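Trainee: One structure is given below, represented as structure tokens, and several questions about it will come after.
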Amino acid sequence: MLGTTFQVTADELKEIFNVRLAPYLPAHLIKVEPNPSGWGNSYTFKPFTGREDKPEEPRRYYDDPKLCYPHQDREAGRPEADEAEYDLREKARHFLDQVYAEARTQWRNAAHIADLKATVKNAGDLFKQYGQAKSAVDAAFAYLRDPEAAKEWPAAISRLIDTHNNLQAAAKVFDDRAQQIAEVHEKHLHEDGYGYDEALKIAGFPEGRDWPIASPEDYGTNYRGEYTRYTLSGQAQALIKEQEEHVAKVGRLAGTPTA
């Protein structure tokens, strides 16, 4: 039995990959090279699209006489080989597991990017539209402090309400897409995979690092009809409430209840 670490000669590596594992290697594998450090191998694959079937070791290798265990030789009526042969088979099985583990990692990363590309779409435009709606709210609210607003107070308040409605609608549209993006990211969250910002950059959306993407469970409203503060809808709702309370207070203090 091999230990947790073992050495492989160049000839053994050729025997393992060119002969014993050749029928079972992933189709995308291009090259196998020992790492410069002397420990382990590096595997080069043709780029995955993420739309292929998940790379899995073919189960038929279990019965291969060049890879099987001693008891399988006995059960098949074959004479048992020497220890060196069984060690070489164990090394081959180890490398087959290793190469498929790396293939699955690269396939999962490619699937992550492919799913993001199919989901993000015009999220950048939706975020810009929210920004424009927010600017309109800021301008309408700032105008209330202008002395000219007093001459048309009800109309100024009405315009502010219109911008509030537009802001909440823009936030909801973006959040619907953001939730889909968050669900894609959570689906592909795995050890050694891409982080959120890195995945968006590779998918062609580097500006996505500025998008407020919450966790999937943060979307929607609670029993009080409130959005969480992590979403644009929640931030818009909080801003609108703050401004409505301010306007109502101004109305009370100024003696203009219609405000």
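The values are calculated or read from the model by the stated rules, or taken from the named source; none is laboratory data. The structure presented is a predicted model; accordingly, all values stated were derived computationally and were not measured. Neighbour counts run over all protein chains shown; Cβ positions are idealised from the backbone, glycine included.
Trainee: Assigned to a helix (DSSP H, G or I), out of contact with any Cys (no Cβ under 8 Å at 6 or more places or on another chain), under 16 Å from Ile240 (Cβ atoms) and touching a residue at least 12 places away in the same chain (Cβ under 8 Å): does that describe Phe127?
Mentor: Judged against the criteria, Phe127 is not a match.
Trainee: Additional query: Within segment 160-179, identify whether any single residue is over 30 Å from His246 (Cα atoms), assigned to a helix (DSSP H, G or I), basic (Lys, Arg) and within 24 Å of the chain's Cα centre (by Cα), and answer yes or no.
Mentor: Yes, that holds for at least one residue.
Trainee: Give all pairs with beta carbons closer than 6 Å in which a residue from segment 62-81 that is at pLDDT 90 or above meets a residue that is not in a helix (DSSP H, G or I); count only pairs at least 6 apart in sequence or on separate chains.
Mentor: Pairs found: Pro70/Glu80.
Trainee: Just the residues that are over 40 Å from the mean Cα position of the chain (by Cα) and either farther than 23 Å from Pro26 by Cα or exposed (fewer than 11 other Cβ atoms within 10 Å of the Cβ) (or both), please, taken from segment 46-66.
Mentor: Answer for segment 46-66, where residues must be over 40 Å from the mean Cα position of the chain (by Cα) and either farther than 23 Å from Pro26 by Cα or exposed (fewer than 11 other Cβ atoms within 10 Å of the Cβ) (or both): there is none.
Trainee: State all residues of segment 11-42 that are at positive phi and either surrounded by 11 or more Cβ atoms within 10 Å (Cβ to Cβ) or not in a loop (DSSP other than H, G, I, E, B) (or both); if no residue qualifies, say none.
Mentor: Answer for segment 11-42, where residues must be at positive phi and either surrounded by 11 or more Cβ atoms within 10 Å (Cβ to Cβ) or not in a loop (DSSP other than H, G, I, E, B) (or both): just Gly40.
Trainee: Considering Ala155, Ala139, Ala149, Ala111, which residue is in a helix (DSSP H, G or I) and assigned by TED's automatic domain parsing to the domain that holds Pro55?
Mentor: Of the residues listed, the single one that is in a helix (DSSP H, G or I) and assigned by TED's automatic domain parsing to the domain that holds Pro55 is Ala111.
Trainee: Scan segment 94-115 and report the pairs whose first residue is within 12 Å of Arg51 (Cα to Cα) and whose second residue is in a helix (DSSP H, G or I), with Cβ atoms within less than 6 Å and a gap of 6+ or a chain change.
Mentor: His112/Ala199; Ile113/Ile202; Asp115/Val184
Trainee: Scan segment 51-61 for residues that are touching a residue at least 12 places away in the same chain (Cβ under 8 Å) and either farther than 30 Å from His112 by Cβ or part of a helix (DSSP H, G or I) (or both) and report the count.
Mentor: Looking only at that region, the number is 2.
Trainee: Return the total of residues in segment 79-96 being out of contact with any helix residue (DSSP H, G or I) (no Cβ under 7 Å at 6 or more places or on another chain) and closer than 10 Å to Leu67 by Cβ.
Mentor: 3
To keep it simple, each residue is scored yes or no on (1) of a type in the set (A, V, I, L, M); (2) surrounded by fewer than 17 Cβ atoms within 10 Å (Cβ to Cβ).
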position	(1), (2)
Ala118	yes, yes
Phe141	no, no
Arg145	no, yes
Gln168	no, no
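Trainee: Restricting attention to segment 5-18, does a residue exist that is in contact (Cβ under 8 Å) with a residue 60 or more places away in the chain and closer than 30 Å to Ala203 by Cα?
Mentor: Looking through segment 5-18, none of the residues is in contact (Cβ under 8 Å) with a residue 60 or more places away in the chain and closer than 30 Å to Ala203 by Cα.
Trainee: Can you tell me which residue among Tyr100, Tyr86, Tyr69 is out of contact with any Leu (no Cβ under 8 Å at 6 or more places or on another chain), surrounded by 13 or more Cβ atoms within 10 Å (Cβ to Cβ) and under 30 Å from Leu116 (Cα atoms)? Give the derivation first.
Mentor: Values: Tyr86 fails: under 30 Å from Leu116 (Cα atoms); Tyr69 fails: under 30 Å from Leu116 (Cα atoms).
On inspection, the qualifying residue turns out to be Tyr100.
Trainee: If you take the residues of segment 215-234 that are assigned to a helix (DSSP H, G or I) and touching an Asp or Glu at 6+ places or on another chain (Cβ under 9 Å), which of them is surrounded by the fewest Cβ atoms within 10 Å (Cβ to Cβ)?
Mentor: Only one residue tops the list, namely Pro216.
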